[in-house]
């Protein structure tokens, strides 16, 4: 019976010259000594897979299912994490919106308390405009007379003094008519607020000239001139009696109610 594979030669025992089968152990010479395996000898064992291929395919399918299930679980975890982050952001935004709404409600309630403020401001502005219109032509006569007294020359004394000014609300360019019936301007063209009419006495004509020179130096009076003049005696003293007129300029305005106040 051939125990070897089909087509493979059957090993033959060695023969001696006589034709007999020789046992190698009986041959003289060196004995075959089986050496013990050393510590550095690596024994390689052949792995034989006795499982059919279907088991391998089933194992591969099972591993693929596990991988797919793990991927789905990871995706679900990521989706849950994203939902939690979005929910937190939405909650924070809602809280901010609620706070802003509450603040707007509070500010609206506070603004209702000051609803009359614009009307009060408008009323104040209207009153200020009316005050400016009414007092735009104000002349502080105390300052005016003080300047006149400080510049009046020696040798002149006033008998009467009449001052006119435009009424409240009138145009400051329009001069009031002279009480003496004389025009407010001599033709120089200086616009006036009103007129100053005086009747005075002086010792000489030179004193009358000095009076006109002193009026010409005042910025509040323009175009001073003498209306009538006559010489006479008063208790053996030579006296010159005359009338004088001047135009009160806009420099005499106080400006207290128009924001243009002039410091005296």
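So the values come out like this:
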item: Length added when fully stretched, residue 251-residue 80, from 0.36 nm per residue minus Cα-Cα; result: 53.0 nm
item: Extension gain (nm, one decimal) between residue 73 and residue 113, 0.36 nm per residue minus Cα-Cα; result: 8.4 nm
item: Cβ crowding within 10 Å averaged over residues, with 221-228, 157-164 ranked highest first; result: 221-228, 157-164
item: For 152, 84, order by how many other beta-carbon atoms lie within 10 Å, fewest first; result: 84, 152
item: Residues 248, 239 arranged by fewest to most Cβ contacts within 10 Å; result: 239, 248
item: Share of Cα-Cα pairs in region 55-115 lying beyond 14 Å, as whole percent; result: 75 percent
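Coordinate-derived values only; no laboratory data. What you are looking at is a predicted structure, and each value in this text was computed from that prediction instead of being measured. Neighbour counts run over all protein chains shown; Cβ positions are idealised from the backbone, glycine included.
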